[in-house]
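The next block holds one structure in the form of structure tokens; read it before the comments.
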Amino acid sequence: MLELLWVLLTTILAWARPRHDLVLENLLLRHQLAVLTRPTRSRPRARLRTWDKLLWVLARRFCVGWRKHLTSVTPDTVIRWHRQGWRLLWRWTSRSRGGRPHLSPEVRELIVTMSRENRLWGTERIRGELLKLGIVVSNRSIRR
């Protein structure tokens, strides 16, 4: 439904524009296609020749919105942009959102000292002693 509304709106706007603007826009877009489909031998990028540059100089003089038609983009470039965008989106959505904070070096050293001096204490006993000191640590962190 929105696409139909968009097409209708752009058609009305195009109908309201002067005819010479539409002809110039059509000419510039066709020129872009011609440059992009021009056969090249060794270069993958299309190059503008002298006559191409002259056309754009004239377009600058006679067409009001010449800048929005200046960018020539191949379909491969658009696909590459879309892939980069999705890559950024997935990297952003799959980032780490926090979790339990890491143990400080002092607490780690205390756990190592307690387990070294008290060989018979397990993780549960060390955790209990740390809770008496007001330090909250999981059994898994102590095991590691």
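Select, from Arg95, Arg100, Arg47, the only residue that is closer than 30 Å to Leu28 by Cα, open to solvent by 50 Å² or more (accessible area, probe 1.4 Å) and modelled with pLDDT under 90.
It is Arg47.
What's the number of the condition Trp121 fails, among (1) at pLDDT 90 or above; (2) over 29 Å from the mean Cα position of the chain (by Cα); (3) not acidic (Asp, Glu)?
Unmet condition: (1).
Which members of the range 113-144 meet the condition of being assigned to a helix (DSSP H, G or I), closer than 17 Å to Pro101 by Cβ and either of a type outside the set (A, V, I, L, M, F, W, C) or open to solvent by 90 Å² or more (accessible area, probe 1.4 Å) (or both)?
Arg127, Asn139, Arg140, Ser141
Only one residue in Leu22, Leu58 is modelled with pLDDT of 75 or more and either among the aliphatic types (A, V, I, L, M) or open to solvent by 100 Å² or more (accessible area, probe 1.4 Å) (or both), so which one is that?
None of the others qualify; the one that does is Leu58.
The values are calculated or read from the model by the stated rules, or taken from the named source; none is laboratory data. Source: prediction; values computed, not measured. Methodologically, a virtual Cβ is constructed for each residue, glycine included, from the backbone with ideal geometry; neighbour enumeration extends over all protein chains shown. In case anyone asks, the SASA skips ligands and DNA or RNA and just uses the protein heavy atoms, side chains included. Shrake-Rupley method; radii C 1.70, N 1.55, O 1.52, S 1.80 Å.
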